[in-house]
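Participant: Please see the structure below; I have some questions.
The values are calculated or read from the model by the stated rules, or taken from the named source; none is laboratory data. These figures come from a predicted structure and were not determined experimentally. Here the Cβ positions follow ideal geometry from the backbone for every residue, glycine too, while neighbour counts run over all protein chains shown. Ligands, DNA and RNA are stripped out before the accessible areas are found, and what is left, the full protein with its side chains, is counted by its heavy atoms. Shrake-Rupley method; radii C 1.70, N 1.55, O 1.52, S 1.80 Å.
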Amino acid sequence: MKKLILALVLLASTAVFAHDGGHGPQVTDAPIHGGAVAPAIQASDAKLGRKANLIYKGELVRSEDGTVRVYVYTPKMKALSLSKFEKKGKAVLETKSKKGWDKKELELTLAGDCFIGALPKGSIRTPYNIDVFVTENGKKLLIAFDNLD
């Protein structure tokens, strides 16, 4: 019986952290615009998890109307010129379902000092993840915002 309980606990713990391993080093910075802060890494390094190199930091700000804004900062949380970034980016909204992860793609557009997009209308099952992909000088970056509510 003890072995069964131990096996169930171990199995449950792996499911809880399925997407929570993180992409890039852990960041603890305070948000500038009241959103969520996450590391920006090269998208090709996503499988490295916490060992991926930090390139920038990003902040995701969500409005009540479903608008999302993604700000990109230097590693020291200073404003970053986005002039070398492509004008379009994308975000992938991931929600957990009985069959695994449901994914919906959102388009992001560079507008001044941030990328702007819109979440799908209706309720979103929480917690959810938003993986943001933007490109600077041909280099694809990933900013993964996990466990949002």
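Participant: Considering the range 82-100 alone, what residues qualify as being modelled with pLDDT under 90 and surrounded by fewer than 14 Cβ atoms within 10 Å (Cβ to Cβ)?
Facilitator: SER97, LYS98, LYS99, GLY100
Participant: Is at least one residue of the range 108-122 at negative phi and touching a Pro at 6+ places or on another chain (Cβ under 6 Å)?
Facilitator: No: the range 108-122 contains no residue that is at negative phi and touching a Pro at 6+ places or on another chain (Cβ under 6 Å).
Participant: Give the range 47-104 a look and list any residue that's more than 14 Å from the chain's Cα centre (by Cα), hydrophobic (A, V, I, L, M, F, W, C) and farther than 20 Å from GLY138 by Cα, or say none.
Facilitator: Hits for the range 47-104 are LEU48, MET77, ALA79, TRP101.
Participant: Moving on. Exactly one of (1) under 25 Å from ALA30 (Cβ atoms); (2) in a strand (DSSP E or B) is unmet by ASN53. Its number?
Facilitator: Of (1) under 25 Å from ALA30 (Cβ atoms); (2) in a strand (DSSP E or B), only one is false for ASN53: (2).
Participant: What tally of residues in the range 16-33 results from selecting those that are modelled with pLDDT of 85 or more, of a type outside the set (A, V, I, L, M) and either open to solvent by less than 40 Å² (accessible area, probe 1.4 Å) or closer than 20 Å to LEU82 by Cα (or both)?
Facilitator: Adding up the residues that qualify gives 2.
Participant: Oh, and also: From LYS84, LYS51, LYS88, LYS57, grab the single residue that is out of contact with any strand residue (DSSP E or B) (no Cβ under 8 Å at 6 or more places or on another chain) and farther than 18 Å from ASP149 by Cβ.
Facilitator: LYS51
Participant: Suppose we filter ALA52, ALA79 for residues that are modelled with pLDDT under 95, farther than 26 Å from ARG125 by Cα and open to solvent by 20 Å² or more (accessible area, probe 1.4 Å); which single one remains?
Facilitator: When all the criteria are applied, what remains is ALA79.
Participant: Can you tell me how many residues in the range 106-145 are within 16 Å of the chain's Cα centre (by Cα), open to solvent by less than 40 Å² (accessible area, probe 1.4 Å), of a type outside the set (A, V, I, L, M, F, W, C) and closer than 21 Å to ILE55 by Cα?
Facilitator: The qualifying residues number 3.
Participant: When you look at ASP45, is it exposed (fewer than 12 other Cβ atoms within 10 Å of the Cβ), outside any strand (DSSP E or B) and among the acidic types (Asp, Glu), yes or no?
Facilitator: It is false that ASP45 is exposed (fewer than 12 other Cβ atoms within 10 Å of the Cβ), outside any strand (DSSP E or B) and among the acidic types (Asp, Glu).
Participant: I'd like to verify a number: residues in the range 59-75 that are in contact with a Leu (Cβ under 8 Å, 6 or more places away or on another chain), within 14 Å of PRO120 (Cβ to Cβ) and part of a loop (DSSP other than H, G, I, E, B), how many?
Facilitator: 1
Participant: Ok, one more. Taking interchain pairs and intrachain pairs at least six residues apart, which have beta carbon atoms under 6 angstrom, with the first residue in the range 107-125 and of a type in the set (Phe, Trp, Tyr) and the second at pLDDT below 95 and assigned to a strand (DSSP E or B)?
Facilitator: none
Participant: List the number of the failed condition for GLY89; all other conditions in (1) in contact with a Phe, Trp or Tyr (Cβ under 7 Å, 6 or more places away or on another chain); (2) more than 21 Å from ILE55 (Cβ to Cβ); (3) of a type in the set (Gly, Ala, Ser) hold.
Facilitator: (2)
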